[in-house]
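Participant: Below are the C-alpha coordinates for one structure; questions will follow.
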Amino acid sequence: MSLIIVGTVAFDDVETPFGKSGRMVGGAASYIGLSAGHFVKEQHLVSVIGDDFPQEFLDELQARGVRLDGLEVRQGEKSFYWSGKYHFDMNSRDTLATDLNVLATFDPKVPEAAKGAQYVLLGNLDPKVQLAVLDQMPERPKLVILDTMNFWMDIALDALKEVLKRVDVLTINDEEARQLSGEHSLVKAANKIHTMGPKTLIIKKGEHGALLFEGGRMFYAPALPLEDVLDPTGAGDTFAGGFAGYLAATDDPTFDNMKRAVIMGSALASFTCEAFGTERLMALKAEELEGRIAEFAELVNFGQA
Ligand code: AMP
(Lines give C-alpha, C1' and ligand atoms only; values in the text may rest on other atoms or scores of the structure.)
Protein backbone atom coordinates (compact mmCIF):
# COMPACT_ATOMS: atom_id res chain seq x y z
CA MET A 1 0.00 0.00 0.00
CA SER A 2 1.35 3.44 -0.83
CA LEU A 3 1.78 6.15 1.76
CA ILE A 4 1.36 9.92 1.49
CA ILE A 5 3.88 11.83 3.61
CA VAL A 6 3.48 15.49 4.46
CA GLY A 7 6.02 17.58 6.39
CA THR A 8 8.93 19.96 6.19
CA VAL A 9 11.92 19.39 3.93
CA ALA A 10 14.33 21.77 5.51
CA PHE A 11 17.68 23.01 6.70
CA ASP A 12 18.54 22.50 10.37
CA ASP A 13 21.30 23.80 12.59
CA VAL A 14 21.72 21.90 15.82
CA GLU A 15 23.87 22.17 18.92
CA THR A 16 24.13 19.27 21.37
CA PRO A 17 26.50 18.76 24.34
CA PHE A 18 28.67 16.81 21.88
CA GLY A 19 29.02 19.31 19.08
CA LYS A 20 27.48 21.56 16.48
CA SER A 21 26.07 20.34 13.20
CA GLY A 22 26.33 23.47 11.11
CA ARG A 23 23.69 23.87 8.43
CA MET A 24 22.50 20.42 7.35
CA VAL A 25 19.54 18.83 5.62
CA GLY A 26 16.63 18.01 7.91
CA GLY A 27 12.91 18.48 8.14
CA ALA A 28 10.18 16.17 9.39
CA ALA A 29 9.36 14.73 5.95
CA SER A 30 13.03 14.03 5.18
CA TYR A 31 13.33 11.79 8.23
CA ILE A 32 9.93 10.23 7.57
CA GLY A 33 10.76 9.36 3.95
CA LEU A 34 14.09 7.78 4.82
CA SER A 35 12.54 5.80 7.66
CA ALA A 36 9.30 4.62 6.00
CA GLY A 37 11.34 3.63 2.93
CA HIS A 38 12.59 0.63 4.90
CA PHE A 39 9.10 -0.89 4.66
CA VAL A 40 6.97 0.75 2.01
CA LYS A 41 7.87 0.72 -1.69
CA GLU A 42 5.96 3.85 -2.76
CA GLN A 43 5.63 7.14 -0.91
CA HIS A 44 4.19 10.41 -2.18
CA LEU A 45 5.83 13.47 -0.64
CA VAL A 46 3.74 16.63 -0.29
CA SER A 47 5.95 19.56 0.70
CA VAL A 48 7.69 22.73 -0.46
CA ILE A 49 11.31 23.84 -0.77
CA GLY A 50 13.14 26.89 -2.11
CA ASP A 51 15.71 26.83 -4.89
CA ASP A 52 18.46 26.44 -2.26
CA PHE A 53 17.88 22.75 -1.50
CA PRO A 54 20.49 20.14 -2.59
CA GLN A 55 19.38 17.94 -5.49
CA GLU A 56 21.54 15.05 -4.18
CA PHE A 57 19.31 14.67 -1.14
CA LEU A 58 16.17 14.64 -3.29
CA ASP A 59 17.82 11.94 -5.41
CA GLU A 60 18.45 9.90 -2.25
CA LEU A 61 14.77 10.15 -1.33
CA GLN A 62 13.71 9.13 -4.82
CA ALA A 63 16.05 6.16 -4.72
CA ARG A 64 14.14 5.00 -1.64
CA GLY A 65 10.77 5.09 -3.40
CA VAL A 66 9.73 8.63 -2.46
CA ARG A 67 7.90 10.23 -5.40
CA LEU A 68 8.45 13.96 -5.67
CA ASP A 69 5.60 15.15 -7.90
CA GLY A 70 3.92 16.70 -4.84
CA LEU A 71 7.10 18.61 -3.88
CA GLU A 72 6.83 22.23 -4.94
CA VAL A 73 10.11 24.02 -5.71
CA ARG A 74 9.86 27.81 -5.40
CA GLN A 75 12.39 29.73 -7.44
CA GLY A 76 14.03 32.69 -5.70
CA GLU A 77 12.80 31.59 -2.23
CA LYS A 78 14.39 29.91 0.78
CA SER A 79 13.58 26.52 2.31
CA PHE A 80 12.23 26.17 5.86
CA TYR A 81 15.00 26.63 8.46
CA TRP A 82 15.07 25.43 12.06
CA SER A 83 17.74 25.66 14.70
CA GLY A 84 17.82 24.21 18.19
CA LYS A 85 20.04 23.59 21.19
CA TYR A 86 19.77 20.48 23.35
CA HIS A 87 20.06 20.42 27.13
CA PHE A 88 22.57 18.08 28.75
CA ASP A 89 20.05 15.23 29.17
CA MET A 90 19.26 15.41 25.41
CA ASN A 91 15.58 14.83 26.21
CA SER A 92 14.72 18.50 25.99
CA ARG A 93 15.82 21.33 23.75
CA ASP A 94 15.29 25.01 23.10
CA THR A 95 14.27 26.20 19.67
CA LEU A 96 16.55 29.05 18.65
CA ALA A 97 14.99 29.86 15.26
CA THR A 98 12.05 28.76 13.14
CA ASP A 99 12.10 30.53 9.78
CA LEU A 100 9.03 29.44 7.86
CA ASN A 101 10.27 30.97 4.55
CA VAL A 102 8.50 29.01 1.73
CA LEU A 103 6.20 27.41 4.28
CA ALA A 104 4.52 30.71 5.17
CA THR A 105 2.44 30.68 1.96
CA PHE A 106 2.42 26.98 1.12
CA ASP A 107 -0.71 25.68 -0.60
CA PRO A 108 -0.21 21.89 -0.88
CA LYS A 109 -1.24 19.94 -3.98
CA VAL A 110 -1.83 16.22 -3.65
CA PRO A 111 -0.77 14.68 -7.00
CA GLU A 112 -3.45 12.67 -8.88
CA ALA A 113 -1.33 9.50 -8.58
CA ALA A 114 -1.43 9.82 -4.77
CA LYS A 115 -5.16 10.26 -4.34
CA GLY A 116 -5.90 6.56 -3.98
CA ALA A 117 -3.42 6.15 -1.09
CA GLN A 118 -4.99 4.45 1.92
CA TYR A 119 -2.32 5.55 4.40
CA VAL A 120 -1.52 9.20 5.13
CA LEU A 121 1.09 10.52 7.54
CA LEU A 122 0.55 14.20 8.27
CA GLY A 123 4.01 15.00 9.60
CA ASN A 124 4.84 18.03 11.67
CA LEU A 125 3.73 21.11 9.71
CA ASP A 126 1.20 23.92 9.77
CA PRO A 127 -2.19 22.32 10.65
CA LYS A 128 -3.83 24.36 7.87
CA VAL A 129 -1.61 22.57 5.37
CA GLN A 130 -2.45 19.23 6.98
CA LEU A 131 -6.19 20.03 6.63
CA ALA A 132 -5.77 21.10 2.99
CA VAL A 133 -4.19 17.72 2.22
CA LEU A 134 -7.08 15.81 3.79
CA ASP A 135 -9.57 18.00 1.90
CA GLN A 136 -8.05 16.87 -1.40
CA MET A 137 -8.51 13.15 -0.73
CA PRO A 138 -11.53 11.91 -2.75
CA GLU A 139 -12.30 9.26 -0.10
CA ARG A 140 -11.35 8.98 3.54
CA PRO A 141 -8.10 6.97 3.68
CA LYS A 142 -7.97 3.79 5.77
CA LEU A 143 -5.58 5.36 8.28
CA VAL A 144 -4.58 8.97 8.91
CA ILE A 145 -1.68 9.55 11.32
CA LEU A 146 -0.84 13.01 12.64
CA ASP A 147 2.41 14.19 14.15
CA THR A 148 2.69 17.70 15.56
CA MET A 149 4.54 19.75 18.16
CA ASN A 150 4.16 22.50 20.76
CA PHE A 151 5.05 25.21 18.18
CA TRP A 152 1.72 24.60 16.38
CA MET A 153 -0.21 24.24 19.66
CA ASP A 154 1.08 27.69 20.60
CA ILE A 155 0.24 29.50 17.37
CA ALA A 156 -2.47 27.48 15.58
CA LEU A 157 -4.45 25.56 18.21
CA ASP A 158 -7.87 26.00 16.57
CA ALA A 159 -6.70 24.64 13.21
CA LEU A 160 -4.90 21.82 15.01
CA LYS A 161 -8.14 20.86 16.81
CA GLU A 162 -9.88 20.70 13.41
CA VAL A 163 -7.23 18.29 12.08
CA LEU A 164 -7.47 16.20 15.25
CA LYS A 165 -11.17 15.53 14.53
CA ARG A 166 -10.17 13.89 11.24
CA VAL A 167 -7.27 11.64 12.22
CA ASP A 168 -7.03 8.09 13.56
CA VAL A 169 -3.64 8.21 15.27
CA LEU A 170 -1.83 11.10 16.98
CA THR A 171 1.85 10.96 17.89
CA ILE A 172 3.22 13.63 20.27
CA ASN A 173 5.70 13.78 23.12
CA ASP A 174 4.78 13.69 26.81
CA GLU A 175 5.15 17.43 27.37
CA GLU A 176 2.93 18.15 24.35
CA ALA A 177 0.32 15.62 25.50
CA ARG A 178 0.15 17.49 28.81
CA GLN A 179 -0.08 20.86 27.03
CA LEU A 180 -2.82 19.68 24.66
CA SER A 181 -4.95 18.00 27.34
CA GLY A 182 -4.22 20.17 30.38
CA GLU A 183 -3.73 16.91 32.34
CA HIS A 184 -0.56 15.89 34.16
CA SER A 185 -1.29 12.16 34.23
CA LEU A 186 -0.55 10.68 30.81
CA VAL A 187 -3.40 8.19 31.21
CA LYS A 188 -5.85 11.06 31.82
CA ALA A 189 -4.23 13.01 28.98
CA ALA A 190 -4.76 10.06 26.64
CA ASN A 191 -8.43 9.79 27.64
CA LYS A 192 -8.97 13.48 26.98
CA ILE A 193 -7.12 13.44 23.66
CA HIS A 194 -9.28 10.49 22.48
CA THR A 195 -12.34 12.74 22.87
CA MET A 196 -10.70 15.29 20.52
CA GLY A 197 -10.69 12.76 17.64
CA PRO A 198 -7.81 10.27 17.51
CA LYS A 199 -8.87 6.80 18.69
CA THR A 200 -5.21 5.87 18.96
CA LEU A 201 -2.56 7.93 20.71
CA ILE A 202 1.18 7.46 20.87
CA ILE A 203 3.09 9.41 23.50
CA LYS A 204 6.82 9.60 22.76
CA LYS A 205 9.06 9.89 25.79
CA GLY A 206 12.49 10.27 24.21
CA GLU A 207 15.06 8.03 25.85
CA HIS A 208 12.24 6.57 27.98
CA GLY A 209 10.42 4.97 25.05
CA ALA A 210 6.85 5.31 23.80
CA LEU A 211 3.35 4.52 25.02
CA LEU A 212 0.51 3.37 22.76
CA PHE A 213 -3.08 3.92 23.93
CA GLU A 214 -6.23 2.63 22.22
CA GLY A 215 -9.68 1.84 23.58
CA GLY A 216 -8.50 1.38 27.17
CA ARG A 217 -5.55 -0.80 26.10
CA MET A 218 -1.93 0.25 26.60
CA PHE A 219 1.40 -0.91 25.20
CA TYR A 220 4.85 0.29 26.22
CA ALA A 221 7.95 0.14 24.02
CA PRO A 222 11.25 1.05 25.65
CA ALA A 223 13.92 2.99 23.82
CA LEU A 224 17.09 0.99 23.36
CA PRO A 225 19.74 2.35 25.75
CA LEU A 226 22.48 3.59 23.41
CA GLU A 227 26.13 4.03 24.20
CA ASP A 228 26.35 7.25 22.22
CA VAL A 229 23.55 9.70 21.52
CA LEU A 230 24.95 12.47 19.36
CA ASP A 231 21.83 14.22 18.10
CA PRO A 232 18.20 13.22 18.72
CA THR A 233 16.87 15.65 16.09
CA GLY A 234 14.39 13.89 13.85
CA ALA A 235 13.98 10.89 16.17
CA GLY A 236 10.26 11.65 16.53
CA ASP A 237 9.80 11.93 12.76
CA THR A 238 11.86 8.80 12.16
CA PHE A 239 9.65 7.01 14.67
CA ALA A 240 6.46 8.22 12.95
CA GLY A 241 7.85 7.25 9.52
CA GLY A 242 8.76 3.73 10.65
CA PHE A 243 5.39 3.30 12.38
CA ALA A 244 3.37 4.50 9.37
CA GLY A 245 5.58 2.72 6.82
CA TYR A 246 5.23 -0.61 8.62
CA LEU A 247 1.42 -0.28 8.87
CA ALA A 248 1.13 0.69 5.19
CA ALA A 249 3.40 -2.16 4.09
CA THR A 250 1.47 -4.74 6.12
CA ASP A 251 -1.90 -3.06 5.45
CA ASP A 252 -3.01 -3.96 8.95
CA PRO A 253 -3.86 -1.08 11.31
CA THR A 254 -5.06 -3.28 14.20
CA PHE A 255 -3.84 -2.67 17.77
CA ASP A 256 -1.71 -5.84 17.73
CA ASN A 257 0.04 -4.83 14.54
CA MET A 258 0.47 -1.28 15.86
CA LYS A 259 2.49 -2.76 18.73
CA ARG A 260 4.92 -4.17 16.16
CA ALA A 261 4.86 -0.86 14.26
CA VAL A 262 5.84 1.00 17.47
CA ILE A 263 8.87 -1.28 17.83
CA MET A 264 9.83 -0.71 14.17
CA GLY A 265 9.58 3.05 14.69
CA SER A 266 11.61 2.86 17.91
CA ALA A 267 14.34 0.77 16.28
CA LEU A 268 14.69 3.22 13.39
CA ALA A 269 14.66 6.24 15.71
CA SER A 270 17.52 4.74 17.72
CA PHE A 271 19.73 4.93 14.62
CA THR A 272 18.84 8.56 13.95
CA CYS A 273 20.19 9.52 17.41
CA GLU A 274 23.61 8.00 16.72
CA ALA A 275 24.83 10.76 14.37
CA PHE A 276 23.97 14.33 13.45
CA GLY A 277 21.01 14.86 11.14
CA THR A 278 20.03 12.22 8.60
CA GLU A 279 23.53 10.77 8.28
CA ARG A 280 23.01 7.47 10.14
CA LEU A 281 19.57 6.84 8.68
CA MET A 282 20.90 7.38 5.16
CA ALA A 283 23.60 4.78 5.66
CA LEU A 284 21.38 2.24 7.44
CA LYS A 285 21.30 -1.28 5.97
CA ALA A 286 18.40 -3.75 6.22
CA GLU A 287 20.54 -6.26 8.20
CA GLU A 288 21.41 -3.60 10.78
CA LEU A 289 17.73 -2.79 11.26
CA GLU A 290 16.88 -6.48 11.67
CA GLY A 291 19.65 -6.82 14.26
CA ARG A 292 18.31 -3.90 16.24
CA ILE A 293 14.75 -5.20 16.19
CA ALA A 294 16.13 -8.42 17.69
CA GLU A 295 17.87 -6.34 20.40
CA PHE A 296 14.53 -4.74 21.26
CA ALA A 297 12.88 -8.15 21.56
CA GLU A 298 15.70 -9.28 23.87
CA LEU A 299 15.56 -6.08 25.96
CA VAL A 300 12.05 -6.83 27.22
CA ASN A 301 12.16 -10.64 27.12
CA PHE A 302 11.84 -11.86 30.71
CA GLY A 303 11.11 -15.44 29.75
CA GLN A 304 7.54 -15.57 30.96
CA ALA A 305 6.36 -19.19 30.94
P1 AMP B 1 11.92 16.04 15.91
O2 AMP B 1 13.30 16.06 16.50
O3 AMP B 1 11.46 14.67 15.53
O4 AMP B 1 10.93 16.80 16.71
O5 AMP B 1 12.00 16.79 14.52
C6 AMP B 1 12.94 17.77 14.21
C7 AMP B 1 12.70 18.19 12.77
O8 AMP B 1 11.48 18.91 12.70
C9 AMP B 1 13.78 19.10 12.26
O10 AMP B 1 14.41 18.48 11.16
C11 AMP B 1 13.09 20.40 11.86
O12 AMP B 1 13.43 20.84 10.57
C13 AMP B 1 11.62 20.07 11.91
N14 AMP B 1 10.87 21.13 12.58
C15 AMP B 1 11.24 21.86 13.66
N16 AMP B 1 10.28 22.75 14.00
C17 AMP B 1 9.27 22.56 13.11
C18 AMP B 1 7.99 23.15 12.93
N19 AMP B 1 7.55 24.15 13.70
N20 AMP B 1 7.22 22.68 11.94
C21 AMP B 1 7.63 21.70 11.14
N22 AMP B 1 8.82 21.09 11.23
C23 AMP B 1 9.65 21.51 12.22
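Participant: Say whether the condition of being open to solvent by 70 Å² or more (accessible area, probe 1.4 Å) and out of contact with any Phe, Trp or Tyr (no Cβ under 6 Å at 6 or more places or on another chain) is met by at least one residue in the range 231-249.
Facilitator: Scanning the range 231-249 turns up no residue that is open to solvent by 70 Å² or more (accessible area, probe 1.4 Å) and out of contact with any Phe, Trp or Tyr (no Cβ under 6 Å at 6 or more places or on another chain).
Participant: Is the range 106-123 home to any residue that is in contact with a helix residue (DSSP H, G or I) (Cβ under 9 Å, 6 or more places away or on another chain), within 14 Å of the ligand (Cβ to nearest atom) and either open to solvent by 60 Å² or more (accessible area, probe 1.4 Å) or assigned to a strand (DSSP E or B) (or both)?
Facilitator: Yes, the conditions are met somewhere in the range 106-123.
Participant: Inside the range 178-187, can you point out the residues that are touching a Lys or Arg at 6+ places or on another chain (Cβ under 9 Å) and either open to solvent by less than 30 Å² (accessible area, probe 1.4 Å) or of a type in the set (Val, Ile, Thr) (or both)?
Facilitator: Answer for the range 178-187, where residues must be touching a Lys or Arg at 6+ places or on another chain (Cβ under 9 Å) and either open to solvent by less than 30 Å² (accessible area, probe 1.4 Å) or of a type in the set (Val, Ile, Thr) (or both): Leu180, Ser181, Leu186.
Participant: Now for a different question. Is there a residue in the range 191-202 that is farther than 21 Å from Glu298 by Cβ, under 18 Å from the mean Cα position of the chain (by Cα) and either among the aliphatic types (A, V, I, L, M) or at pLDDT below 95 (or both)?
Facilitator: Yes.
Participant: Residue check: is Thr200 among the polar types (S, T, N, Q) and either more than 21 Å from Ala235 (Cα to Cα) or without any contact (Cβ under 8 Å) to a residue 60 or more places away in the chain (or both)?
Facilitator: yes
Participant: Within the range 251-268, restricting attention to residues that are outside any loop (DSSP other than H, G, I, E, B) and open to solvent by 10 Å² or more (accessible area, probe 1.4 Å), which residue is nearest to Leu226 (Cα to Cα)?
Facilitator: The selected residue is Ser266.
Participant: Something else: Considering the range 1-15 alone, what residues qualify as being open to solvent by less than 10 Å² (accessible area, probe 1.4 Å) and more than 16 Å from the ligand (Cβ to nearest atom)?
Facilitator: Leu3, Ile4
Participant: Being within 16 Å of the ligand (Cβ to nearest atom), assigned to a helix (DSSP H, G or I), open to solvent by less than 30 Å² (accessible area, probe 1.4 Å) and in contact with a Lys or Arg (Cβ under 6 Å, 6 or more places away or on another chain) is the requirement here; does Val102 meet it?
Facilitator: In short, yes.
Participant: Suppose the filter is part of a helix (DSSP H, G or I) and over 21 Å from Phe18 (Cβ atoms); does Leu289 pass it?
Facilitator: Yes: the conditions hold for Leu289.
Participant: Considering only residues that are among the aliphatic types (A, V, I, L, M) and open to solvent by 20 Å² or more (accessible area, probe 1.4 Å), which ones fall in the range 188-223?
Facilitator: Across the range 188-223, the qualifying residues are Met196, Leu211, Met218, Ala223.
Participant: Here is a further query. Hey, does the range 155-166 have a residue that's within 17 Å of Gly241 (Cα to Cα) and either in contact with a Pro (Cβ under 9 Å, 6 or more places away or on another chain) or without any contact (Cβ under 8 Å) to a residue 24 or more places away in the chain (or both)?
Facilitator: Checking the range 155-166: not a single residue is within 17 Å of Gly241 (Cα to Cα) and either in contact with a Pro (Cβ under 9 Å, 6 or more places away or on another chain) or without any contact (Cβ under 8 Å) to a residue 24 or more places away in the chain (or both).
Participant: Just to confirm my filter: which strands (runs of 3 or more DSSP E) fall fully inside the range 16-79 and include at least 3 residues that are buried (at least 24 other Cβ atoms within 10 Å of the Cβ)?
Facilitator: Fully inside the range 16-79 and qualifying: 43-50.
The values are calculated or read from the model by the stated rules, or taken from the named source; none is laboratory data. Source: prediction; values computed, not measured. For neighbour counting, all protein chains shown are included, and Cβ atoms are generated from backbone atoms with ideal geometry for every residue, glycine included. For accessibility, only protein heavy atoms count, side chains too; no ligands or nucleic acids. Shrake-Rupley method; radii C 1.70, N 1.55, O 1.52, S 1.80 Å.
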